[in-house]
Each structure stands twice: as structure tokens, then as C-alpha cells.
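The values are calculated or read from the model by the stated rules, or taken from the named source; none is laboratory data. Remember, predicted model here, so these are calculated numbers, not experimental data. Please note: Cβ atoms are built from the backbone with ideal geometry, for glycine as well, and neighbour counts cover all protein chains shown.
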Amino acid sequence: MRSIWKGALTFGLVNVPVKVYSATEDHDVSLHQVHNKDGGRIRYQRICEIDGEVVPYQDIDKAYDDGEQTVVLTKDDLSSLPSERSREIEVVEFVPSDQVDLLTLDKAYFLEPDSSSPKAYVLLRKTLEQTERTAIVRFSLRQKTRLAALRVRGDVLVLQTLLWADEVREAAFPALDESVRISAKELEMSASLVDSFSKDFDAEEFTDEYQAELRTLIDAKLEQGDALDTDATFGKQEEEDGGEVIDLMEALRASVERSRAARGEKTEDAPKKKAPAKKKTSKAS
């Protein structure tokens with residue numbers, strides 16, 4: 001791995017020199033755009049609207065237009081900002097880990113100790129572990145002020161940038177305001193369904209099926225060309241019924257039975273609906 005940034009974690013008077021590395025990478029098959037008529041590669045160029053010339057990336061500056069005037073901001077202008085020059089990741093507070101909303105988590109980075117002695121790094125890591133706290137930090141990276149959560153993953157400190165509060169949309173859905181009655185039996189059956197799917201999470205058990213299928217398709221087309229029969233390659237796919245569930249209890253019951261059967265478990269007799277009682281008829285005297 002190659003570090004993308006160097007600086008220091010600071011909390012109080014403690015200074016922890018670190019190197020920052022991207023913690024994740026994209027595994028998607030790389031595709032580019034072509035003209036469907038002749039297969040020609042589609043390319044995008046940065047063209048100046050004044051002289052019509054293609055402009056190299058290194059010759060491009062940024063600008064702000066307020067409707068009346070345009071202010072050009074050069075790379076030197078932007079790099080002169082105090083926050084951009086700072087090489088500190090400042091701890092601003094320590095919070096209970098469960099207070100960090102998962103919805104706000106963004107890009108993750110590994111932090112490597114960057115000093116002759118990793119003692120301060122290990123001290124901070126062990127402190128976070130023992131107190132079950134997450135450090136909220138503030139720093140600047142790539143011309144943006146970032147808010148991030150600093151947490152522990154195994155033996156390494158992980159920095160995970162956070163979305164700002166105004167970047168998270170409000171979930172205002174009228175349907176959520178409606179009063180819905182859930183029976184005890186429905187809740188019991190739903191919990192039974194959850195239990196039938198319950199196990200410890202292991203990310204290694206999951207693969208990106210779309211990317212695997214895409215690679216299979218590419219390999220098949222490389223071998224067979226445009227005459228490829230996708231049904232023969234993948235098998236004929238049946239359309240699934242995505243209709244709304246009408247009988248929720250019956251759907252839950254069937255789901256529990258199917259899940260248990262898939263795991264090879266003995267299907268227990270689920271509670272059945274009681275047949276309506278027959279009406280008594282009195283004989284005429």
C-alpha cells in the first residue's frame with residue numbers, strides 16, 4: 001500500500017505521528033464506453049470555450065461565479081488556506097461508539113504509526129478499546145475539511161470520514177405516519193423467521209455475484225464472440241413475482257419453513273389457522 005497523507009494525531013498535548021492509507025479498494029471489472037455502431041472508443045476532453053483548445057489538467061484552475069463577477073482560484077491560492085496547510089488530525093471529543101450513526105460513515109483509512117516508537121499510537125488504541133469510545137476528529141484532506149470517527153479494528157487505528165449533518169436527508173414518508181396494528185402472532189412469527197436466519201457474520205462468505213457473472217460473460221464473449229447464447233451460459237432465468245404480500249402470516253409461515261428446509265433442519269409444525277366454527281342450527285319444533 002502507498003500512503004496518501006502524512007501528519008499527526010493530536011489529543012491534548014499528546015502527538016501521534018501517522019501515515020494515512022486508503023482502507024478499501026474497488027474490485028469492479030473496468031469497463032469503458034464505445035460507440036455501438038462501430039465500436040469506437042468514447043473519450044471526454046476538457047475544451048476551453050474561448051479558444052476551442054483542449055486544456056491539459058495541470059493548466060486548469062477553479063473559479064467562483066456570483067452571477068456578476070468571476071473569481072479565479074489558483075492551486076497556490078487554495079494551498080495557502082490555513083486548514084489546508086495543517087497536517088494535524090485533531091481529536092475534538094470522545095463519544096460512546098453507539099452514538100455514531102452508521103448512515104454518516106463514509107470513506108475509511110488505515111493509520112500507520114510513523115515514528116521510531118509506536119508507544120503513543122498503542123496507548124491511544126488501548127484507551128479507545130478500554131473506554132469503548134470513538135474519537136471524533138477534524139482534519140483537512142484534498143481541499144476539504146473533514147469530520148471523522150477514529151476507532152479500533154484489530155491492532156490498527158481506522159479513520160472513517162463522516163458526512164456532515166446537513167448532508168443526510170430527512171426520511172419524510174407519509175406512510176410512516178400511519179397507524180399500523182401488528183398482532184402478537186405476527187411479531188412472534190417474524191421473530192421466528194429472524195431466528196431461522198441467525199448466525200455470526202463472516203464477510204468472507206459473501207461474493208459480488210454481479211462482478212463474477214460479468215467476468216464470466218466477458219470470458220464467454222472473448223471465446224465465442226457476438227454469437228454468444230447467454231441462456232446457455234447462465235441458464236434461462238425465471239421472472240420472479242414481486243407482487244405485494246396479501247396474507248402476511250402465511251408468507252411468514254412459508255418463509256420460516258423454507259429457511260429451515262434450506263438449512264436441513266426439521267420443520268416444526270407452525271400454528272395453523274383455526275377453521276371457523278360451524279353454526280348450530282336449531283330444529284323447528
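Which members of the stretch 135-150 meet the condition of being aliphatic (A, V, I, L, M) and farther than 9 Å from I89 by Cα?
Within the stretch 135-150, A135, I136, L141, L147, A148, A149, L150 qualify.
Residue check, G40 against (1) loosely packed, with under 11 Cβ neighbours inside 10 Å; (2) touching a residue at least 40 places away in the same chain (Cβ under 8 Å), all met but one. Which one?
Tallying (1) loosely packed, with under 11 Cβ neighbours inside 10 Å; (2) touching a residue at least 40 places away in the same chain (Cβ under 8 Å), G40 fails exactly one: (2).
Looking at D195, D208, D155, D166, which is the one that is farther than 30 Å from H32 by Cβ, modelled with pLDDT under 90 and out of contact with any strand residue (DSSP E or B) (no Cβ under 7 Å at 6 or more places or on another chain)?
On the way: D208 fails: farther than 30 Å from H32 by Cβ; D155 fails: modelled with pLDDT under 90; D166 fails: modelled with pLDDT under 90.
That would be D195, the only listed residue that is farther than 30 Å from H32 by Cβ, modelled with pLDDT under 90 and out of contact with any strand residue (DSSP E or B) (no Cβ under 7 Å at 6 or more places or on another chain).
For the stretch 113-163, give me every one of the strands (runs of 3 or more DSSP E) that falls completely inside it and has 1 or more residues that are of a type in the set (D, E, K, R) and closer than 18 Å to P96 by Cβ.
Details: elements: 133-140, 145-153, 156-162.
Those strands (runs of 3 or more DSSP E) span 133-140, 145-153.
Could you tell me how many of the residues in the stretch 1-33 are among the aliphatic types (A, V, I, L, M) and under 30 Å from T216 (Cα atoms)?
Applying the first criterion (among the aliphatic types (A, V, I, L, M)) to the stretch 1-33 yields 1, 4, 8-9, 13-14, 16, 18, 20, 23, 29, 31.
In the following step, the residues that additionally are under 30 Å from T216 (Cα atoms) were identified as 1, 23, 29, 31.
Adding up the residues that qualify gives 4.
Looking at (1) within 31 Å of the chain's Cα centre (by Cα); (2) over 30 Å from G39 (Cα atoms); (3) at pLDDT 75 or above, which is the one condition that is false for L214?
Of the numbered conditions (1) within 31 Å of the chain's Cα centre (by Cα); (2) over 30 Å from G39 (Cα atoms); (3) at pLDDT 75 or above, the odd one out for L214 is (2).
If you scan the stretch 59-100, which residues turn out to be surrounded by fewer than 12 Cβ atoms within 10 Å (Cβ to Cβ), modelled with pLDDT of 90 or more and either in the same structural domain as L159 (by TED's automatic domain parsing) or outside any strand (DSSP E or B) (or both)?
Across the stretch 59-100, the qualifying residues are D59, I60, D61, V92, E93, P96, D98, Q99.
If I filter the stretch 230-256 down to residues being at pLDDT below 80 and among the acidic types (D, E), which single residue comes out as farthest from I182 (Cα to Cα)?
Of everything passing the filter in the stretch 230-256, D231 is farthest from I182 (Cα to Cα).
Select from the stretch 13-31 the residues that are outside any strand (DSSP E or B) and touching a residue at least 12 places away in the same chain (Cβ under 8 Å) and write down the one among them that is nearest to R41 (Cα to Cα).
From the stretch 13-31, those outside any strand (DSSP E or B) are 13, 23-31; that's our starting set.
Now drop any that are not touching a residue at least 12 places away in the same chain (Cβ under 8 Å), which leaves 23-24, 27-29.
Working: A23: 32, T24: 29, H27: 23, D28: 20, V29: 17 Å.
Among those that are outside any strand (DSSP E or B) and touching a residue at least 12 places away in the same chain (Cβ under 8 Å), it is V29.
Quick check on the stretch 111-145: of everything there that is surrounded by fewer than 18 Cβ atoms within 10 Å (Cβ to Cβ) and within 19 Å of T24 (Cβ to Cβ), which residue is modelled with the highest pLDDT?
For the stretch 111-145, the residue satisfying everything is E112.
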